[in-house]
1. Could you tally the net charge around Gly455, taking each other residue with its Cβ under 15 Å from the Cβ of Gly455, Lys/Arg +1 and Asp/Glu -1?
2. From the Cα gyration tensor of segment 219-310, with a ≥ b ≥ c the square roots of its eigenvalues, which class applies: rounded if a/c is under 1.5, or else prolate if a/b is larger than b/c, or else oblate?
3. Given DSSP loops and a limit of at most 13 other Cβ atoms within 10 Å, what is the longest stretch of the chain that contains no such chymotrypsin sites (Phe, Trp or Tyr not before Pro)?
4. Using Stokes-Einstein with the Kirkwood hydrodynamic radius over Cα pairs, what translational diffusion coefficient do you get for segment 97-166 at 4 °C and a viscosity of 1.567 mPa s, in µm²/s rounded to a whole number?
5. Can you list, largest first and rounded to whole Å, the semi-axes you get for segment 254-349 by taking the square root of 5 times each eigenvalue of its Cα gyration tensor?
6. For segment 98-133, which GluC sites (Glu not before Pro) are in a loop by DSSP, counting at most 11 other Cβ atoms within 10 Å?
7. To the nearest 20 debye, what is the magnitude of the charge dipole of segment 252-421 about its Cα centre, counting +1 on the Cβ of each Lys and Arg and -1 on the Cβ of each Asp and Glu?
8. Longer than 19 Å from Cα to Cα, which of Lys293/Lys324; Lys28/Lys281; Lys202/Lys261; Lys28/Lys261 are they? Say none if no pair is.
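Bear in mind these aren't lab numbers, they're just calculated from the coordinates by the rules spelled out. What you are looking at is a predicted structure, and each value in this text was computed from that prediction instead of being measured. Neighbour counts run over all protein chains shown; Cβ positions are idealised from the backbone, glycine included.
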Amino acid sequence: MGKITGFLDYARQNNPAQPPQDRIEHWKEFHPRLSEADRRQQGARCMECGVPFCQSGIQLGGAYTGCPLHNLVPEWNDLLYTGNLPQALERLHKTNNFPEFTGRVCPALCEAACVCGLHGAPVTVKDNELGIVEEGFARGLIQPRIPAHRSGKRVAIVGSGPAGLAAADQLNQRGHQVTVFERDDRIGGLLTYGIPTMKLEKKYVQRRVELLEQEGITFVTGVDVGRDKSAQELLADYDAVLLCTGARQARDIQVPGREAKGVHLAMEYLTSVGRSYLNSKFKDGDFISAADKDVIVVGGGDTGNDCIGVALRQGCRSIHQMVKYPRQPDHRPAGNRWPEWPKVDRLDYSHEEAIAHFGEDPRIFASTVKEILMDEEGKVRGVKIVRLEGKKRDPKTGKLIMTEVAGSEEELPCQLLLVAIGFQGPESYVSQAFGVEVDGRTNLKTEDYATSVPGVFAAGDARRGQSLVVWAIEEGRSAARAVDRYLMGYTYL
Ligand SMILES: Cc1cc2nc3c(=O)[nH]c(=O)nc-3n(C[C@H](O)[C@H](O)[C@H](O)COP(=O)(O)OP(=O)(O)OC[C@H]3O[C@@H](n4cnc5c(N)ncnc54)[C@H](O)[C@@H]3O)c2cc1C
Ligand code: SF4
């Protein structure tokens, strides 16, 4: 601990954010980073606690808290403060293959568990992480690491999201020959097509993929395993196969009028916009547009929030978000104590933008869509929404059981309705092609990341269900360990 009184001397300072009204005019990231001197000062706020909950990644009170990667947060905060960037970078990369992704999009489970946050403002762990890795890239400290020895073993990874990429990196560094198969036209999974560009510019994904390629990983795009390439072919050509195919089976709404034109799953919308931006900066016109439309987003999660950010940038006329549950309190309720994940209301970036642009919070809490109204051409022209109330809790999950409030229906104008109510699990054709068992939630069933078929492993959202980038990286690393043990009889990964 370089600066003993750092947490008393310096106030928390986040990376600044461009004002919402300005940033909705463009598609770029909007968080300029602090100067190096200010960033080092933020590192000084870390107290290097004897028991650093920030790196615990444990389940408390039904939710995870602390970093799932067990990032060595106090170590690299101290190295940041003392100006030892190469060492800080080395400690950061030791547990996290891609800090430039988590430093941008992670919900920072670490900060929720930071001891400084118990009575004051937590350390800016996420921003510090991003500062270290980006400064590392800027100073040329991150160079291809070509493995000195090759094991002669071949591993196929199906899916190039953060889980597949983290596993590929680990296995390649161990000396195995890794090929990543991706059905899409670009590498990155939801990092590329899913998370919008203003949260994570795709040049950063590309930069890391190029490094991995230089280090010896082979990437093959446009190959849909289970359809274009059979499971038998992969099993014959490789010593092990790792399935990191994500959990893309979207949940849909079942209401009258669902078939109306202008009703889309959130991922159809986000992918079309993301792809057109990357291909032509929208010149090809090949995307779903919210321009001049009244937009309704069904679903109060991150995906729905991203739909709002994108629709605002496209110039929507109005926007509302149907959120199933009541608004969470502003402060931790009794029984939700530090260092548990705080069950409080969170205003996401896109909500701030909607409030700045339209003057009101787009969220309509405890509500849902009851019916989609169509015009004579079959296009959505409005929605009938209904208010919900939760009087009882599910005894198993503890979640509120929401029921309709009689007579609370109202109509809202709508020409674009986006369904963002979550994902049901992985698409079944991959598990069927390999003949691997799935669990009760249709996720790929594993024991220590090994599926029911010898030599076939699974990781990421395909195994644990829709989750977070940080969890996908953790899963990729853990699965790499299991694959390595299978191939070599032991592992030191
Ligand atoms: C809109 C949206 C926003 C999100 N925002 C955040 C955020 O801000 N922060 C955060 O931490 N998390 C966020 N998430 C969650 C996060 O992106 C995922 O948890 C994470 O990407 C999962 O990684 P994965 O590698 O398991 O799967 P994915 O990223 O889904 O990648 C799976 C890949 O497998 C490929 N694939 C599937 N089947 C085949 C096949 N048969 N053959 C070849 N390739 C195949 C897919 O094309 C895809 O590229 C968001 C998710 C969504 C949908
Ligand atoms: S990966 Fe996420 S949880 Fe872990 S230290 Fe970084 S910001 Fe915190």
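1. Values: positive: Lys153, Arg154, Arg485; negative: Glu233, Asp237, Asp239, Glu437, Glu447, Asp448, Asp484.
Net charge around Gly455: -4.
2. Numbers: a/c = 2.63, a/b = 1.79, b/c = 1.47.
Prolate, because a/c is 1.5 or more and a/b exceeds b/c.
3. Numbers: sites that count: Tyr490, Tyr492.
For chymotrypsin sites (Phe, Trp or Tyr not before Pro) (loop position, at most 13 other Cβ atoms within 10 Å), the longest site-free span of the chain is 1-489.
4. On the way: Rh = 15.0 Å.
This corresponds to a translational diffusion coefficient of 87 µm²/s.
5. Result for segment 254-349: semi-axes of 31, 17, 12 Å.
6. On the way: sites: Glu100, Glu111, Glu129; in loops: none.
Qualifying residues, ordered by number: none.
7. Values: 25 positive and 27 negative charges, 132 e Å.
Computed about the Cα centre, the dipole is about 640 debye.
8. Working: Lys293/Lys324 23 Å; Lys28/Lys281 12 Å; Lys202/Lys261 30 Å; Lys28/Lys261 30 Å.
Listed pairs above 19 Å: Lys293/Lys324; Lys202/Lys261; Lys28/Lys261.
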